[in-house]
Structure formats: C-alpha cells, structure tokens
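Undergrad: Take a look at the following structure, please.
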C-alpha cells in the first residue's frame, strides 16, 4: 500500500495485488484519511472484480457523509454495472477531475 498526499487529496495505491488485505488496511486506517478526498488506485490489480468494488461502498458512504470525495481507479470493469453510490474511473487523471468538480459543487452548495 502506497499513500501519496497532494493538497486536499490522498491517493492510496494497491501495490500488493491482494485486494482483501488491501481493503483491510484501508478500512483500519480510514480514520486518518476521513478529512481528505480519497482516491483508491486499483489500476495495477487486474484481478479486481465488480463484487470486490462493491466492498468499498461503506467507505464511500462514510466519505460522502463527511462531504469528501471518494473515487476508485480501476481498469477492465464494466462501468455501467457499478452502483451509482460508487464513483469508478479508468485513470488517475479522471479521478482528480471528478474530485475538482465535486469540490466546486460543494463550494456552490449543491
């Protein structure tokens, strides 16, 4: 697990390729990330499935309640099948763009 912070956004990258242990680590340390926007980068883990991504829903809901963004970067996923409560994009650039748009929406009161 690699953690990078840029301004108000923290990117957590799965470097091991083991989604279950990665999810455990992120869940345990989530209290230290809950005041920042969060990008979960799973782009290097090609074995991530839609059911794996659904396990991130509680973390996503927790971040949304705190008025922070939660974006998952994953490749090889049917993006139309992803639940609407979870934001999944294919690249880090798109993840940062989504966070910028959500920040603007929050600033405007939407």
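Derivation of every value follows stated rules applied to the coordinates shown; laboratory data play no part. The structure presented is a predicted model; accordingly, all values stated were derived computationally and were not measured. Positions of Cβ are backbone-derived with ideal geometry, glycine not excepted, and every protein chain shown enters the neighbour counts.
Undergrad: Pull out the extension gain between residue 91 and residue 57, defined as 0.36 nm times the separation in residues minus the alpha carbon to alpha carbon distance; nm, one decimal.
TA: Between residue 91 and residue 57, full extension yields 10.3 nm more.
Undergrad: Suppose the chain between residue 34 and residue 66 were pulled fully straight at 0.36 nm per residue; how much longer would it get relative to their current alpha carbon spacing?
TA: 10.8 nm
Undergrad: Jot down the per residue volume, in cubic angstrom and as a whole number, of the convex hull over the alpha-carbon atoms of the stretch 2-108.
TA: It comes to 95 Å³ per residue, whole-number rounded.
Undergrad: FRET efficiency for residue 16 and residue 50, Cβ-Cβ distance as r, R0 = 30 Å, nearest 0.05?
TA: Working from the Cβ atoms, E equals 0.90.
Undergrad: Could you let me know the centre-to-centre spacing of the stretch 95-110 and the stretch 66-84, using Cα atoms, in angstrom?
TA: 15 Å
Undergrad: Related question: Give the angle, between 0 and 90 degrees and rounded to the nearest 10, that separates the Cα long axis of helix 19-28 from the longest principal axis of the Cα atoms of the chain.
TA: Roughly 40 degrees between the two axes.
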